[in-house]
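Trainee: Here's a structure for you.
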Amino acid sequence: MLGACRPTPEPPPPAEPPASPLRDVSVRGSIPDEARVTDWVISATLDAEAHRVDATARLRWTNRGPEPVAVLPMHLYLNGFRAADTAWMREGLHAGRTSGIDVDHAWGWVDVTDIVRHAAPDDEGTEVSWAERDEPSLMDIELGEAVAPGQTVDLELTFSTQLPAVFARTGFAGPFHLVGQWLPKPCVQYDDGTFADDPFTFHSEFFSDFGHWKVTLDVPAKFVVGATGTRIDGSITGDRRVETYEADMVHHFAWAAGPDLVVWDGEHEGIRIRQLLPPDAVADAPLHHDAVVAALDSMQARFGPYPWSTITVIHPPPGASAAGGMEYPTLFTTNRRRQLPPLLEALGFRDRFSGAFVTIHEFGHQYFQGMLASNEFAQPWLDEGMNSLSNALVYLDRYADETDPWVVQLAGQSFSILDGVRVQQRFAGDLEAVDQSAAGFDPTVGGYGATVYRKTTAIMLTLRALAGAEAFDAALKAYAHKWRFRHPTGDDLVDALVEGIGETIEVSEPAPDGSVVRLSVRDYLRTTLSQADELDYAVREIGRQTGASTAGHHRAQDGSLRDDGPPSLDPTEAFAVIVRHGGLSVPVEIEATFDDGTSERVTWDGVDRHVTLTWPDRTLRRVTIDPDGRLFLEMRRTNNTRWAADVEPDETVEEVAADLAQAVALGLLAGVGP
Amino acid sequence: MIAALRRLAAIPGWLVGIWLAQVALAAGVGAIVRTTVAAAMDGDHIEPGARWLYALADLGLDHPAIAAAAAASIGVAAVAGLLAWTLVVGLLLARLRADTSTAAVLHTWWKTLPGIGAQSAWHVLMRGVMLLAALSTASALPPAAGWPLVWLVWSVAIVGLDVARTRVVDGARPLHPRTAAVAIIDVVRHPARFGPAVALAAAGTIVPLLVVWLGLSQLGGAMAPLAARAVALVGVGLGLWRLAVVVARTEPGDDD
């Protein structure tokens, strides 16, 4: 397709990989010893014709639990692609994730052929037995002698990984191979000694323990390799290339290999930013580099230092786009910048979104999952949702000179990142709760993304707006610091926010009677996260009505009836009826503007289904709910304002829509006319 | 070029009439959209500040029927404009060709109406083929060369249709596709003769974009419809000028 004119820059000269996978301790801070659970030494050979990886992995696993472990459950993630009746495929097929499936190469699997337990580094070891479960994305290794708490076990696994033609994250497209969920990995052990042996499902990605990895990859010599960690060795012998990578304090190792990939090396604060791109995507390299830098700057300031020395960005070549937009530790895949036809560019279309947002999002997972390693099966909102929040914050930080940074501009009109959060709430919906397991989302309903990503973002942005950015940001920073290289739960995040912000926050100025509207932070988070419900306020009616009066007859002190005058039938007070449609309630500010040009704001706690506000001896021109747009969670904002019936607003959406339609019609008529 | 402009200056009513017709059709679309939005909003208002893209997105997502109504009314207006122009272009060509009596002009128009319709239909087909060929060629070129090529081919096709229609008025075979094909070939083969018309056509293709751009950029502004209408007037003028140039350059016996 024809794209807009964009020159292709020359890649920078190749840079030497960092010597260590971690940044200096003075920069990254210390890492708790108890966070280290696994130690891997892997040797893997790619058969690029058969799209198969044959590997041997030496795994040292530490029992961090309180009980001896005799059976070690393991994830076999790739087996999710092995048959139509696996947990992943059942959901994936229901969700219609069939686009791009190559029926001749649809299946992928990992086949463990041998497991040996070693008592010493060089001994021959003892064969141990293992068995896949009925759900083949899990298996159990019978360790024989139980591993005592605090002790380690050395296992040598031989396995073969057959990659599918890529249609979801992992696989091959022609000679390009994205080797993502490819190896057996032990399930995370909880503090009570039980294991998180959840199956691999359509929406779940990873939940694993941290460790050290040394991985030797043997690929065709003409292939370029990108992998988790840093390259510490490399050589070419005959038609094969052998490279060794080292990674530390990561919970997974992923890699990509293929011919004709251009390497674009960059650097920021000593972190090597390495991109692998197909030649036709090289022009986009600076955009993605800048996006990584923006994300690094924002997230380091907010959530602590990025601990690793590298980040690798894989741009899937044509045909492999299904591998795009997926995170792995210190490596992620991104999407291409959309090629805009000049027609749109001529209309002044500009965006800060295409390509860049995916890069920011996938980088964000280095924190939300890569370091704050929550259970994505049990609580996907903790990484996808909180990461989406952090992505919006990246835009606010990157374009701090703009109060509401735009992501799309058309003919000078702007659409901001926060506008995007607001308009998407109508899809977030009231059918599924945010806080539930990945498998709990009905793939046919299709509400996972809107609920987990976007509703979580709105819940947090709303709290940030109500509590104040400073308090919220500090609380989130404390959470990130406390749970770095650990496995936080939703309760841990809620506790951290409550601790940082306070149990309650005052969301209104004191009323004349001294009362203040308060919000319980814990209740807010509990209800918005757990209830499948929506937040929606509306102005039902505004006008004038007959107000309170003392006219009529009243008993005087001497017992006689006093005539206090005839009734006044003229309306004397302004009123507005505000209703709550949604099942969620949050205190909301309401702005009333009067005929004398003055305005007044009141805060309603939103608890009842409606409230009638009155203003004696005033005449309303307009009433607006949430005038500052703090309730990002509100599902519908088109019902937030009403004008008095006898007032003609200066500008209305009716007029604006009509003007735009006129212009488009006139433009078309100009095109078909003389 | 100047002579063509003089011919045009002699018939200012055409310029104003066509422009007013376009403005009226567009205003009709605007009225339909305004009524639809008002009905959907039912007394509610959106207060977007200056963020009209957000407001329109919010509105469209809340009331998808508005977008459908707008698209339908815009489409109907465009088709109506196309048909109306196809109907009256013969009249204009006859008027530009010779300053004869109204009766004679009307007679020529009526006689050539089926032919102009047929040539327009053939031309749609040919323009489609040309556009596909241009896009296919351009995709192999750098965008800096590809898009100007598409623009040029499009402009040549516009003038080709003008030439075919003019020749029908001049007595060429009205229904045969050869008339349309030869017209396009002639435009390509005689750049000196038709170059100015192609340049005007190229300039004219910018007008729709400019009109839409103005409409968008002025959202919420008092000048929004007026600025777009002013540019549309310029567009009509450029189109009529191009037509007058073609009429002048296809006078019988006016060869290179």
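The values are calculated or read from the model by the stated rules, or taken from the named source; none is laboratory data. Everything numeric here is computed off the predicted structure, so don't read it as measured data. Every residue, glycine as well, gets a Cβ built from its backbone with ideal geometry; the counts of neighbours run over all protein chains shown. Ligands, DNA and RNA are stripped out before the accessible areas are found, and what is left, the full protein with its side chains, is counted by its heavy atoms. Shrake-Rupley method; radii C 1.70, N 1.55, O 1.52, S 1.80 Å.
Trainee: Shape of the stretch A:525-611 from its Cα gyration tensor (a ≥ b ≥ c, root eigenvalues): rounded if a/c is under 1.5, otherwise prolate when a/b > b/c, or oblate?
Mentor: Prolate, since a/c reaches 1.5 and a/b exceeds b/c.
Trainee: Once amide H atoms are built 1.01 Å from N in the peptide plane, which residues 5 or more positions from A:ARG636, or in another chain, come under 5 Å H to H?
Mentor: Amide H to amide H, under 5 Å and 5 or more residues apart or across chains, A:ARG636 pairs with A:TYR537.
Trainee: Suppose every K and R has +1 on its Cβ and every D and E has -1 on its Cβ; what is the size of the dipole of the protein assembly as shown about the Cα centre, in Debye to the nearest 20?
Mentor: Computed about the Cα centre, the dipole is about 5120 debye.
Trainee: So if R0 is 25 Å, what FRET efficiency would B:ALA50 and A:VAL647 give, r being the distance between their Cβ atoms, rounded to the nearest 0.05?
Mentor: My answer for the efficiency is 0.75.
Trainee: Quick one: 3J(HN,Hα) in Hz for the stretch A:519-534, Karplus 6.51/-1.76/1.60 with θ = phi - 60°, rounded, Gly and Pro as x.
Mentor: Along the stretch A:519-534, the couplings run 10, 7, 4, 5, 5, 4, 5, 4, 6, 5, 7, 9, 9, 7, 8, 10 Hz.
Trainee: Quick one: which residues, 5 or more positions from A:GLY319 or on another chain, have an amide H under 5 Å from its amide H? H modelled 1.01 Å from N in the peptide plane, none for Pro or chain starts.
Mentor: Counting only residues 5 or more places away or on other chains, the set is empty.
Trainee: Ranked by accessible surface with a 1.4 Å probe, highest first, in what order do A:HIS105, A:HIS481, A:HIS487 come?
Mentor: A:HIS481, A:HIS105, A:HIS487
Trainee: Where does helix A:490-501 land angle-wise versus the long Cα axis of chain A, in degrees 0 to 90, nearest 10?
Mentor: Roughly 50 degrees, rounded to the nearest 10.
Trainee: Computed on alpha carbon atoms, what radius of gyration and Dmax characterise the stretch B:1-120, expressed in Å?
Mentor: Rg and Dmax of the stretch B:1-120, Cα atoms, are 20.9, 58 Å.
Trainee: Let me ask another. Residue farthest toward the positive end of the dipole of chain B, with Cβ of Lys/Arg at +1 and Asp/Glu at -1: which of B:LEU53, B:ALA78, B:HIS107?
Mentor: B:HIS107
Trainee: Okay, moving on. What is the distance in Å between the Cα centroid of the stretch B:186-250 and that of the stretch A:460-508?
Mentor: Value for the Cα centre distance between the two parts: 58 Å.
Trainee: While we're looking at this one, here's another question. In a shell of Cβ-Cβ distance under 10 Å around A:GLY552, excluding A:GLY552 itself, what net charge do Lys and Arg (+1) and Asp and Glu (-1) give?
Mentor: That sum, taken over residues with Cβ under 10 Å, equals -1.
Trainee: In degrees from 0 to 90, rounded to the nearest 10, what is the angle of the helix A:456-467 Cα long axis to the longest principal axis of chain A?
Mentor: Roughly 50 degrees, rounded to the nearest 10.
Trainee: Relative to the Cα centre, what is the charge dipole magnitude of the stretch B:2-249, using +1 at the beta carbon of each Lys and Arg, -1 at the beta carbon of each Asp and Glu, and rounding to the nearest 20 debye?
Mentor: 1300 debye
Trainee: Please give me the summed charge of the neighbours of A:ILE232: other residues whose Cβ is under 14 Å from its Cβ, Lys and Arg +1, Asp and Glu -1.
Mentor: Surrounding charge for A:ILE232 is -2.
Trainee: Based on a Kirkwood Rh over C-alpha pairs, give the Stokes-Einstein translational diffusion coefficient of the stretch A:57-144 at 37 °C and viscosity 0.692 mPa s in µm²/s.
Mentor: 215 µm²/s
Trainee: Could you tell me which residue out of A:ALA301, A:PRO66, B:THR35 lies farthest along the dipole of the protein assembly as shown toward its positive end? Charges go on the beta carbon: Lys and Arg +1, Asp and Glu -1, centred on the Cα centre.
Mentor: Result: B:THR35.
Trainee: Take A:SER129 and B:VAL76, extend 7 Å from each Cα along the Cα→Cβ direction, and tell me the distance between the two endpoints in nm.
Mentor: 7.7 nm
Trainee: Follow-up question, since we're still on this one. Please name which of B:LEU87, B:LEU214, B:THR179 has its Cα lying farthest along the dipole of the stretch B:2-249 towards the positive end, using unit charges on Cβ (Lys, Arg +1; Asp, Glu -1) and the Cα centre as origin.
Mentor: My answer, from the dipole projection, is B:THR179.
Trainee: Right, something else. Return the ratio Rg/(2.2 N^0.38 Å) for the stretch A:449-523, where Rg is computed over Cα atoms only.
Mentor: My calculation over the Cα atoms of the stretch A:449-523 gives 1.24.
Trainee: Expressed as an acute angle from 0 to 90° and rounded to the nearest 10, what is the orientation of the C-alpha long axis of helix A:384-398 relative to the principal long axis of chain A?
Mentor: Around 70 degrees separate the two axes.
Trainee: Same structure again: Residue by residue through the stretch A:8-24, what is 3J(HN,Hα) from phi via Karplus (6.51 cos²θ - 1.76 cosθ + 1.60, θ = phi - 60°)? Round to whole Hz and write x for glycine and proline.
Mentor: Per-residue couplings from phi come out as 8, x, 7, x, x, x, x, 10, 5, x, x, 6, 10, x, 10, 6, 4 Hz.
Trainee: Here's a follow-up. List every residue whose amide H lies under 5 Å from the amide H of A:ARG622, counting only residues 5 or more places away in sequence or on a different chain, with H placed 1.01 Å from N in the peptide plane.
Mentor: A:THR593, A:ALA644
Trainee: Still on this structure, please answer the following. So if the hydrodynamic radius of the stretch B:57-196 is defined as the Kirkwood radius over C-alpha pairs, what does Stokes-Einstein give as its diffusion coefficient at 4 °C and 1.567 mPa s, in µm² per second?
Mentor: Rounded to a whole number, D works out at 75 µm²/s.
Trainee: For the protein assembly as shown, what does -39500 (n - 2.57) per DSSP helix run (n ≥ 4), summed and divided by total residues, give at 222 nm, in deg cm²/dmol to the nearest 500?
Mentor: Mean residue ellipticity at 222 nm (helix-derived): -12500 deg cm²/dmol.
Trainee: Let me ask something else about it. At 1.002 mPa s and 20 °C, plugging the Kirkwood radius over alpha-carbon pairs of the stretch A:474-574 into Stokes-Einstein gives what diffusion coefficient in µm²/s?
Mentor: 111 µm²/s
Trainee: Roughly how many whole Å is it from the C-alpha centroid of the stretch B:28-56 to that of the stretch A:529-547?
Mentor: What the calculation gives is 21 Å, centre to centre.
Trainee: Right, next: Would you kindly work out the equivalent ellipsoid of chain A from its C-alpha gyration tensor and give its semi-axes, the square roots of five times the eigenvalues, largest first in whole Å?
Mentor: After scaling each eigenvalue by five and taking roots: 55, 31, 21 Å.
Trainee: Remind me, what semi-axes does the stretch A:492-551 give for its equivalent ellipsoid, largest first in whole Å, using sqrt of 5 times each Cα gyration tensor eigenvalue?
Mentor: 35, 19, 7
Trainee: As an exercise, find the ratio Rg/Rh for chain B from alpha-carbon atoms, using the Kirkwood inverse-distance average for Rh.
Mentor: Rg/Rh: 1.03.
Trainee: Residue by residue, what Karplus-based ³J(HN,Hα) values in Hz, rounded to whole numbers, does the stretch A:269-276 have, using 6.51, -1.76 and 1.60 with θ = phi - 60° and x for Gly and Pro?
Mentor: Computed from phi, the couplings for the stretch A:269-276 are 6, x, 9, 7, 10, 10, 10, 10 Hz.
Trainee: Here's a follow-up. Could you please report the charge total around A:SER129, scoring K, R as +1 and D, E as -1 over all other residues with beta-carbon less than 10 angstrom from its beta-carbon?
Mentor: My count for the surroundings of A:SER129 gives -3.
Trainee: How far, in nm, would the chain grow between A:ALA478 and A:ASP122 when pulled straight, counting 0.36 nm per residue and subtracting the alpha carbon separation?
Mentor: Using 0.36 nm per residue and subtracting the Cα-Cα distance, I get 123.7 nm.
Trainee: Now, a different point. Given a Förster radius of 45 Å and the C-beta distance between A:SER549 and A:GLU509 as r, what FRET efficiency does 1/(1 + (r/R0)^6) yield to the nearest 0.05?
Mentor: 0.90
Trainee: Give the Rg/Rh ratio for the stretch A:6-91, taking Rg as the radius of gyration of the Cα atoms and Rh as the Kirkwood radius, to two decimals.
Mentor: That ratio equals 1.10.
Trainee: Over all directions, the average projected area of the alpha-carbon convex hull for the stretch A:210-257 comes to how many nm²?
Mentor: 2.8 nm²
Trainee: I've got another one for you. Pairwise over distinct Cα atoms, reciprocal of the mean inverse distance: report the Kirkwood radius of the stretch A:81-213 in Å, one decimal place.
Mentor: Computed over the stretch A:81-213, the radius equals 16.7 Å.
Trainee: Taking Cα centroids, how far is the stretch A:218-277 from the stretch A:35-91 in Å?
Mentor: Taking the Cα centre of the stretch A:35-91 as reference, the centre of the stretch A:218-277 is 21 Å away.
Trainee: Rounded to the nearest 20 debye, what is the charge dipole size of the stretch A:437-524 about its Cα centre when +1 sits on each Lys and Arg Cβ and -1 on each Asp and Glu Cβ?
Mentor: Charge dipole of the stretch A:437-524: 460 debye, to the nearest 20.
Trainee: Hey, another quick one. Report, for the protein assembly as shown, the % of DSSP beta bridges that are antiparallel, rounded to 5.
Mentor: 85 percent
Trainee: What is the Rg over Rh value, at two decimals, for the stretch B:143-210, using alpha-carbon atoms and the Kirkwood definition of Rh?
Mentor: 1.03
Trainee: Using a Cα-Cα cut-off of under 29 Å, which lysines could be cross-linked to A:LYS214, ignoring same-chain neighbours fewer than 8 residues away?
Mentor: The qualifying lysines are A:LYS185, A:LYS222, A:LYS482.
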